[in-house]
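Peer 1: First the structure, then my questions, so here it is.
Here, each number is a calculation from the coordinates, and none is a lab measurement. This one's a predicted model, so the numbers in the text were calculated from it and none came from an experiment. Reconstructed Cβ throughout: ideal geometry from the backbone, glycine too, with neighbour counts over all protein chains shown.
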Amino acid sequence: MRLLLSSLFHTSPFENLQKHADMVRDCAKLFREAALMRTGEEPAKFEEITDKVAHLESRADAVKRNIRNHLPRGVLMPVDKFQFLQYVREQDKVLDEVEEALLWLSLRSEPIPEAVAADFKDLVEAVIPPIEKLSDLVAMATDFFKSRTEGQRTRMKSLIQDIRQHENEADFLEHELKVKIFQEIDDALAVFHLVRLVEIVGHIADHAENASDRMRAMIAR
C-alpha cells in the first residue's frame, strides 16, 4: 500500500514541483515580451528581459535539483518515481528551450523580417498557453494525489487535452511559417536562422505537451 507523502514528510515533492511550474509560467510571460520585441527594435529592453529569464531559470534549476535530491526512498511516493522524474525533466526542458530561443533571437542584430513578423508573433502567442496551463495542472495534481477522486481525474484529463490541442495549433503554425520563410526571404543565412529559430520556439510547446503526457500516465488507473 502506498502512503501519502504528506503523512510522512513536512514537504511533498509536489510543493516544489508547483514552485518550478510557476517559474516556468513566469518565464513564458517574459519570453513572449522579449520575442515580440524582436519584431521591432528595442535591443536594450530585450537584453534586460533575457537577463531576467536567465535569473529565473537559475532559481528554477535550484528547485529542480532540490526535487531530485529529496525524493523519498522506497515505495513512499504516491506515484511512480520514474514517471515523476520524467515529468520534472519535460517541464524543465520548457525553460531550456525558452533560453535557447532567446539566444537565437539575440544572434542577429536585425529584427524579424517584416514579411514574416506577424506569423512569428502568432507562433509565439500559440506556445504560451500550454506552458501556462502546466502550473494549473500541477496544482490539480497536488490535490488529486491527496484524495484521488474521479472528478479531479476527469478535470485533469480535460486540461491535458487542452494542452495537446494548443501544441497541435503551434505545430501547424510552425509548419506554415517555415513554408512562408522559404517563399518570402531571399537571404540564405536569414532563412537558416529563422527556420532554426521557429523550430526551437515550436519545441517549447512540444515539451509542455510531453510533460502533460507524463502527468496523464501518473494519474492513469
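Peer 1: Suppose each label sits 7 Å from its Cα in the direction of the beta carbon; what would the K81-A115 distance come out to in nanometres?
Peer 2: 5.5
Peer 1: Let me ask something else. Could you state the angle between the C-alpha long axis of helix 188-219 and the longest principal axis of the C-alpha atoms of the chain, as a value from 0 to 90 degrees rounded to the nearest 10?
Peer 2: Helix 188-219 sits roughly 10 degrees off the main axis of the chain.
Peer 1: Taking R0 as 35 Å, what FRET efficiency do you get between D171 and S147 from their Cβ-Cβ distance, rounded to the nearest 0.05? The partial results should precede the final answer.
Peer 2: On the way: r = 35 Å, r/R0 = 1.00.
It comes out at approximately 0.50.
Peer 1: Further question on the same structure: Before rounding to the nearest 500, sum -39500 (n - 2.57) across all DSSP H runs of length at least 4 in the chain and divide by the residue total; then give [θ] at 222 nm in deg cm²/dmol.
Peer 2: Roughly -29000 deg cm²/dmol at 222 nm, from the helical runs in the chain.
Peer 1: Determine the dipole magnitude for the chain: charges of +1 sit on the beta-carbon of Lys and Arg, -1 on that of Asp and Glu, nothing else is charged, the reference point is the Cα centre, and the result goes in debye to the nearest 20. Walk me through the intermediate numbers first.
Peer 2: On the way: 31 positive and 40 negative charges, 368 e Å.
Once rounded to the nearest 20, the dipole reads 1760 debye.
Peer 1: Which one, L107, N66, I163, is farthest towards the positive end of the dipole of the chain when Lys and Arg carry +1 and Asp and Glu -1 on their Cβ?
Peer 2: Ranked along the dipole, the leading option is N66.
Peer 1: Taking every Cα atom in the chain, find the radius of gyration and the maximum pairwise distance Dmax, and write them in Å.
Peer 2: Answer for the chain, Rg first and Dmax second: 19.0, 63 Å.
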